[in-house]
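To keep things clear, I will list the structure first and then write my remarks on it.
FYI, it's all coordinate maths here, none of it is from the lab. Model, not experiment: these values are computed from the prediction. Glycine also receives a Cβ, built like all others from the backbone with ideal geometry; neighbour counts cover every protein chain displayed.
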Amino acid sequence: MQATKLAVIAFAALLGAGALSSAYADTAFAAHHPRRDQVNDRLQMQHRRIHQEVKEGDMGRAKAMRLHRADRRVRLKERRFAARHHGAITRAEQARLNRQENHISHRIGK
């Protein structure tokens with residue numbers, strides 16, 4: 001009886017470890033998915049552009065805050081899309097995010 005309980009516990013631990021390693025593999029893949037990288041690189045570049053405009057005096061802080069808020073919404077949407085697809089985003093989702101980023105980008109230079 002005692003050996004059976006021990007065998008069941010060992011088997012459960014083995015299954016748990018396998019599930020964790022599988023989840024880690026999905027996470028490692030997701031962290032470097034090319035479509036997510038492209039979207040996040042653009043967001044980072046826009047963040048730098050906003051800071052540069054403020055630093056140069058070409059943009060006020062209020063406008064910068066609005067643009068950062070818009071970028072934050074795009075980033076949150078990207079994360080929600082990725083959560084639906086095991087850490088990846090589809091081409092259509094990437095295109096949608098890029099259109100939103102284009103709109104924000106045009107507002108930075110004005």
For this session: Return the aspartates and glutamates within reach of K63: Cα separation strictly under 17 angstrom, same-chain partners fewer than 8 residues apart disregarded; answer none if there are no such residues.
Result: E53, D71, E101
Problem set entry | Point-to-point label distance, D41-K63, nm (Cα→Cβ direction, 7 Å offset) | 2.8 nm
Problem set entry | Fraction in percent of alpha-carbon pairs per bin - 10 Å, the range 33-108 | 19, 50, 23, 8, 0
Problem set entry | Exposure proxy order (Cβ contacts within 10 Å, fewest to most) of K77, K55 | K55, K77
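Between T90 and V54, what length in nm is gained on full extension when 0.36 nm per residue of separation is reduced by their alpha carbon distance?
This chain segment gains 9.6 nm when fully extended.
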Seminar exercise, completed: One finds, for A83 and H103 with R0 = 22 angstrom and r their Cβ-Cβ distance, a FRET efficiency to the nearest 0.05 of 0.40
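What is the range 38-79 by shape, rounded, prolate or oblate, if you read a ≥ b ≥ c off the alpha carbon gyration tensor as root eigenvalues and call it rounded for a/c under 1.5, prolate for a/b larger than b/c, and oblate otherwise?
oblate
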